[in-house]
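Every read-out reported here was derived from the displayed coordinates using simple, explicitly stated rules and does not represent laboratory data. Here the structure is a predicted model, which is why all the values come from computation and not from measurement. Positions of Cβ are backbone-derived with ideal geometry, glycine not excepted, and every protein chain shown enters the neighbour counts.
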């Protein structure tokens, strides 16, 4: 098995993915997408920034949109379990020669800013402002009725090395795709919070953010969003789906925001809290890997991604290719 | 408006589409598809034939499968309102020089066999054996949980003429696709029973049966069928979908039986009983016509169809083409 | 069988139920219920009246709300097939000594106003203003996402006689409840448009309107409405459900408007266009008759109804009682 | 706030609830309920015992049925994170004077058997036989299509004390019901695995098992089960629902097995992995607490429960009563 064994006692305790900052070129247009269409709730906004949360979240935000000259991804955020984990994390990254800094962030407590080995900007925190429960304020539900942020998927030029790095900080692999010929890992799904993934890595020019996923209750929420987007001027923003992934068993839809950031609407994966959960291996050439029902993904899905602010791109030397729609 | 006005007092009263006979080359394999996978109920079977009904139907069959040397469509069946309608229908077809014959059919009363102007074999009847109600025998529900036959879709070399002919016998057009350049009708949806269609006609080499549709309760039945087919050896039989049609607003999936007959799993169209319902016009070049969500249909969907027993093929001279998936 | 055979060639052709006029005591509060909560679309409103339609309807209205001193039901409306049916209807009612009058109604063509034998105010028309199609304007969908009006249910002091009368004008019985002891019909479901019913009659002090039903796509729309009502101040307006009826097999919810008019949110019944469809008989004492899953309806559901304007009440002499929740 | 703060570093690491052993009086009848009706998968069976798992589980069993003279609950099982946790758990219970024993259990590794302060039989383990993944073997899905065991709910004579005890071993309270008058906790929901609960405690004669819950994908699975039970002889086994709980926001149905053990079919609660998740407080007199939509639970639901093998019953001295259906 080419994926490393899980580290049951990691150097610091990451609880879950938490939030992403998108630097966007037209804040009003992005608001129309994330708020009016997807159905996220605004928790703060001014002329330069909008903070958003999903319906069952009590933390202040899962997505922030920052008006910028050029579109990219400002940072990926993760919540740590307890205050001491922050210093342990700082020590860990520092010992590996990675940049470490404690910064001020709105609506958040003490925040550690760093980068991974490939330059992806990361931030870790323990406390974020807690907001009133709105889970049962059903009059607020609209669009896809998103319930919570679910995961990040990242293009990596060295997936094997990325899996090693993230395994080292406690992420556990639930499923992975192997390139039969080279025996290398072509993609991997890794979790902290007990679902199929908090982060996934896919072979390609990286680091780039492939997508951020929002969890919804069931496939009819996905269909409602498709009907809404198709009849409110967003039909061209529908990229792939609906379908069921072989990997993760999740029901999915991929849409693109006005800066072409990719958002997955996602439901129906499975619980993974057991540390002895055996990772599921998929062959890159298995067409049901990407879509259980057989339909291949379009080329854009395999090739396009969002730049991370301040990270340099590298091509992958693993040239194996998945099945792409003609 | 290029479609003719409805004939409110037709020469005889067609109630609804009723059944289709598929002549199949491997009866056991077809049984695996229609019974074990789609979930239709067997109402009679012997070595050479299987009769099937859907869950809310009380008539004996909506599909019959007949073991044959070569696959084709034996006949399309329609139920008439009352006994006198049979003789009125015979007189009507006879007056137009079409072949007319009263035949014996198992499980059916007096049955009129004829052909339309293009040779499609048609049969009309008033009485078919009625079976016990099984709508609430939920232990029998499986596969897509099909509730009733919904419509036929037919490739026609002369769609305008087909619309005229079927309007003449009482079918009312609910939606149609126009070729902007020639002003001709490229496709039309026509009903008797109060849904979007009992029959539709699509431009192409004809007459051929494009598909037969089965009505299901909601989109999750479609998703259940996809999951089942994808994991029981039928993944290659999934041709198109799931999606929502612009035309008819229905949620759809297209699958192919072992002889490549196409079956649509269909739900969510609308009620059309008003005789003053204005037909909805679509432009052939509108990508949302075929799929509201934008994804084009594959080439096979536009080109492949089932032969009718004893009908000669003709090419269409209307060369306008829809958008086809690359 | 205690229900009369259907009249296949009725004296005039009723197409379907069409609309109901509710005279309400607080128009703004009724608007909050029907528009903001149930999700009907306003097609006209002024200080004294609001006209509403459901999402797939093209006729101008299915419900009108008229500000009044006292709440009651102004009229039940039915659409006829063709212009001559209006005069045939007038002649029919007139011959039976019932009041007949052609009146002016906003948004409607020539309109016949009459009453049935028990004084229920009825109106018949052929033409109503047709509005643009909004079925695919998904941004407008909200609340229960009602698609169309489905049926009226009426308390009748003489159900047997009501079934006879409505059979005489073409309604066909699909299901009925018999009182085992007396052999009398306790309730009956009768249709014109091809569903389980356009009108139903239930034994009780009558005539009163038991409820008007709105058709929705699937049970999740019902659940969405429950969540919304439960968290926006309407929890006390939820009377019964969700559940599945034994009769009709429909999934249902009953809610009460601010004047206590009862609205059913309804889906999943079956197609009944066959004139030889055998009525299904239920025993009044069968607990699965009212709810397939066994839960009895509350007392209010059996006893409370809306008065018809100008109709006198009579008690039923059929004292058989259904199972009522304790 | 009357519930204690969570213990972030508990004496041993409980991962999640795992399984329950029901001692049943008619194994064949219980099989008809759990396998043929609910849809659980048999992983082992012989004349005296049946082991079951749900569709996404890879551990050998979540429910075992043991043929017995008298019906009761043999044990509640919990999975620990890692091997050392077993000895830490043994030491913890031992230090509190509770019975501690390592026993042999089929299909399980080293197993610690103990009891809580009120005599509830508990077992803890780290390793259970792992079985092949069947999540995507959709041909096996039937009944309610149960995905995994979700939680236990327990009648406790001293809820405050139970909350203290289970908080001490790491369970974190997500929601609770307070008796306004006494300020005491009337019910509490406590988790380890990141959902609303692994265990809940409800005021009443205890200890008794109120119910075991199975997780399903969405409300339509619940409706499918209701339709199936209602038409296959299990209608009297339907006790309460469907509905949405105010507490937990979950969609629910309660059914009773042939020995009257209560099973909840459950979906749609929310993610609770944040250790700083504030517990939600409910007032015992709030009718939306038990059912968001307002319908009260029946008396049986509040009063009937399953005995634990070898545990002695005690009455609660907290006499506050919830709203009960008349």
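Quick notes on this one:
- Nearest chain D C-beta to the D/B rotation axis, reported as residue and distance in angstrom, is D:220, 3.
- Once both labels are positioned 7 Å from their Cα atoms along Cα-to-Cβ, the gap between residue B:98 and residue C:205 label points is 5.9 nm.
- When DSSP beta bridges are restricted to pairs lying wholly in chain C, around 70% turn out antiparallel.
- Region A:144-259: translational diffusion in µm²/s, Stokes-Einstein, Kirkwood Rh over Cα pairs, 37 °C, 0.692 mPa s: 215 µm²/s
- Taken over the protein assembly as shown, the convex hull of the Cα atoms encloses 183 Å³ per residue.
- Annotation for residue C:28, label-to-label distances across the other copies: 3.3, 6.9, 7.5 nm (shortest first, one decimal, point 7 Å from Cα along Cα→Cβ).
- The label point for residue B:161 and the one for residue D:127, both projected 7 Å from the Cα toward the Cβ, are 7.7 nm apart.
- Sequence-separation-based contact order of chain C, relative, with Cα cut under 8 Å and 6+ spacing, percent: 19 percent
- Approximate spin-label separation residue C:87-residue C:300, in nm, with each point projected 7 Å along Cα-to-Cβ: 4.9 nm
- Averaging Cα coordinates gives a centre for region B:83-129 and one for region C:222-279; these two points are 42 Å apart.
- Dimensions in Å of region D:170-233 - Rg and Dmax from alpha carbons: 15.9, 46
- Taking every alpha-carbon pair under 8 Å whose residues sit at least 6 apart, region D:99-166 reaches a relative contact order of 19 percent.
- Largest GNM mean-square fluctuation across B:273, B:185, B:73, computed for chain B with C-alpha springs under 10 Å, falls on B:273.
- Computed over region C:136-262: relative contact order in percent, which uses C-alpha pairs under 8 Å that are six or more apart: 27 percent
- Antiparallel bridge percentage (DSSP; both residues within the protein assembly as shown; nearest 5): 70 percent
- For chain D, the convex hull drawn through the C-alpha positions has a volume of 130 cubic angstrom per residue.
- Here r is the Cβ-Cβ distance between residue A:325 and residue A:180 and R0 is 25 Å; the resulting FRET efficiency, rounded to 0.05, is 0.70.
- With contributions of -39500 (n - 2.57) from each DSSP H run of at least four residues, the per-residue ellipticity at 222 nm computed over the protein assembly as shown stands at -4000 deg cm²/dmol.
- Spatially, region C:1-56 and region B:3-65 are offset by 36 Å when compared through their Cα centroids.
- In nanometres and ascending order, the distances from the residue B:70 label point to those of the other copies are 6.5, 7.7, 7.7 (point 7 Å from Cα along Cα→Cβ).
- The orientation-averaged shadow of the Cα convex hull for region D:185-326, equal to a quarter of the hull surface, comes to 9.4 nm².
- Here residue A:137 yields copy-to-copy label distances, from shortest upward, of 2.8, 4.6, 5.1 nm, the label point defined as 7 Å from Cα along Cα to C-beta.
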